[in-house]
1. Separation of the stretch 319-333 and the stretch 186-213 by C-alpha centroid, Å?
2. Quick check: pseudo-label points 7 Å beyond the Cα along Cα→Cβ at A313 and K202, how many nm apart are they?
3. In whole Å, what is the distance between the alpha-carbon centres of the stretch 407-437 and the stretch 253-301?
4. Please report the relative contact order for the chain, taking Cα pairs under 8 Å with a sequence separation of at least 6, and give it as a percent rounded to a whole number.
5. What are the ³J(HN,Hα) couplings of the stretch 403-409, residue after residue, when phi is run through the Karplus curve with 6.51, -1.76, 1.60 and θ = phi - 60°? Round to Hz, x for glycine and proline.
6. Using the charge dipole of the stretch 29-498 (Lys, Arg: +1 at Cβ; Asp, Glu: -1 at Cβ; taken about the Cα centre), state which of L223, I393, L447 has its Cα farthest towards the positive end.
7. For the chain, what does the helix formula give at 222 nm: sum of -39500 (n - 2.57) over DSSP H segments with n ≥ 4, over the residue count, nearest 500 deg cm²/dmol?
8. I'd like the Kirkwood hydrodynamic radius of the chain, using the inverse of the mean 1/r over distinct C-alpha pairs, in Å.
Amino acid sequence: MSHRSVATAPPDDDDVLQALGIKPELSRKMGTFGNYAISVSVICILAGGMSLFGFGLGHGGPVVMLGSWVVIGGLTLLVGMSLADVVSAYPTSGGPYFMAEKLGGPLFGWVTGWLNLLGLLGAIAGIDYGAAAFVGAFAQLQWDIAPTPTSTMLIFGGILLLHGLLNSAGVRLVNVLNSISVWWQLGGVAIIVGTLTLAPAKHQSAGFVFTHFHNDTGFSSPLYVACIGALLAGYTFCGYDASAHVAEETKDAQVSAPKGMVRSIWVSWVAGFILIAGLLSAMQDYTATQNTATGVPPVQIFLDVLGTGGAKALLLIVIVAMLFCGNAEVAAASRMIFAFSRSRALPGWKSWRRVNSRTKTPTRAVWFAAVVPFVLALPALWSPAAYGAITAINAVGMIPAYGIPVYLALRKGRDYQSGPWTLGRWRRPVGVVAVAYVVVITVVFCLPQSAPITGETFNYAGVTLAIALLFAAVTWMTRGKRDYQLAAAGTALRDEADAFSEGGF
């Protein structure tokens with residue numbers, strides 16, 4: 001990694017945007033730390049690591065959980081570094097779709113945009129619905145109120161409403177909350193692991209934590225089980241494109257955004273390993289933890305080691321971290337919605353690209369990002385499998401959206417112009433490995449995860465990805481080729497921005 005040495009001062013952020021054909025409209029209140037903080041908040045190891053802990057126990061156990069965390073985290077870092085190089089050249093709210101269009105043309109931008117958008121909306125649905133489930137588990141411990149699908153959905157709706165209100169207040173508040181979130185997450189990991197380690201209870205041996213293999217999948221191949229077990233890390237390491245989506249609100253974005261993206265990955269990589277190792281070491285009974293009545297295996301570990309009082313305290317730490325995570329994801333998604341609408345990609349784009357003149361925030365895009373995930377999650381009232389099919393677009397949409405701009409930058413060869421933050425001579429070898437990993441992990445996301453394969457155990461990720469690609473293709477043919485244009489397409493579109501940047505809501 002390098003920053004190019006230049007004799008003159010770096011270009012002004014708004015000048016960079018205007019050179020890309022974008023009219024600066026959003027408020028630049030975010031610094032380097034704030035940009036890093038939003039991606040750490042979205043990755044949120046206390047959400048992904050805790051929510052998928054039970055999945056890992058049954059799909060390979062400790063050796064796969066920790067081993068794949070090391071491997072997937074390292075490969076994700078390579079993807080993040082490669083994408084960061086492109087972000088430095090194109091620091092816009094559009095993120096991957098804007099890069100893809102600039103490097104590969106309108107069709108690449110359109111497909112990448114829809115994959116990224118659907119992935120972001122699926123992520124919000126998954127994160128905030130997961131937070132609602134954890135709130136339900138806390139209510140059961142505290143007040144003996146058994147959660148139901150209806151109560152969980154109501155809590156989920158309340159969380160989305162809260163996130164819509166917080167994000168509508170402006171980027172300054174979002175920046176403060178994300179900054180708190182970083183320290184809450186890292187401090188939370190330290191408190192959880194430290195408490196579980198120091199508690200007067202038995203602990204598993206190092207041999208168990210680092211080498212024990214456990215297989216409840218129904219598949220006999222350890223290699224296959226290890227591949228699907230790696231999805232604990234694969235699903236967690238998503239969302240670091242948030243640093244790109246708030247680039248138009250970040251100072252010195254060409255350097256701050258790529259630095260924030262890369263830093264968020266390696267910090268989450270290290271902290272997540274410590275968290276998972278700490279939970280595995282403190283686990284008292286493997287089978288009881290898997291089959292816990294709370295429905296949340298880490299909570300059972302808290303109960304076994306600390307009792308009800310201590311478990312509730314640690315669970316609150318996790319719930320607050322999840323709330324921070326969902327709020328940051330709404331912020332990132334709303335900026336992508338705003339940018340994609342600026343390119344006339346979304347139906348009703350004139351409304352979603354409107355900027356609040358007081359807060360300089362795309363308020364309507366914020367509420368789009370809060371309402372649509374609620375609609376996506378409604379099938380959970382009747383069918384967990386249908387809900388899983390919808391939220392599966394999170395990873396299978398977002399990860400390919402990261403790989404496409406990296407691939408297109410490699411395809412450009414010497415014609416590709418890096419920004420101030422660049423991998424330099426390492427860009428090609430790192431990028432090749434990154435693209436190969438994106439292809440492999442996307443295939444793994446779609447593999448069957450349990451046998452025998454039934455309607456309840458079927459992995460709908462592949463179907464969801466196919467539907468998303470078909471949707472992108474059909475909408476491209478029916479309206480994309482006619483209406484879609486990048487922000488740089490012409491002066492007329494930039495002039496229209498003035499008409500849409502008025503009023504309150």
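What follows draws every value from the coordinates through simple rules; no lab data is involved. In this text the structure is predicted, and so the values were computed from the model without any measurement. Positions of Cβ are generated from backbone atoms using ideal geometry, with glycine treated the same way; all protein chains shown enter the neighbour counts.
1. When both Cα centres are located, 27 Å separates them.
2. A separation of 2.5 nm, rounded to one decimal place.
3. Distance between centres, Cα-based: 30 Å.
4. After rounding, I find 32 percent.
5. Karplus values, whole Hz, x for Gly and Pro: x, 4, x, 5, 4, 5, 5.
6. I393
7. Result for the chain: -23000 deg cm²/dmol, rounded to the nearest 500.
8. Evaluated on the chain, it is 22.8 Å.
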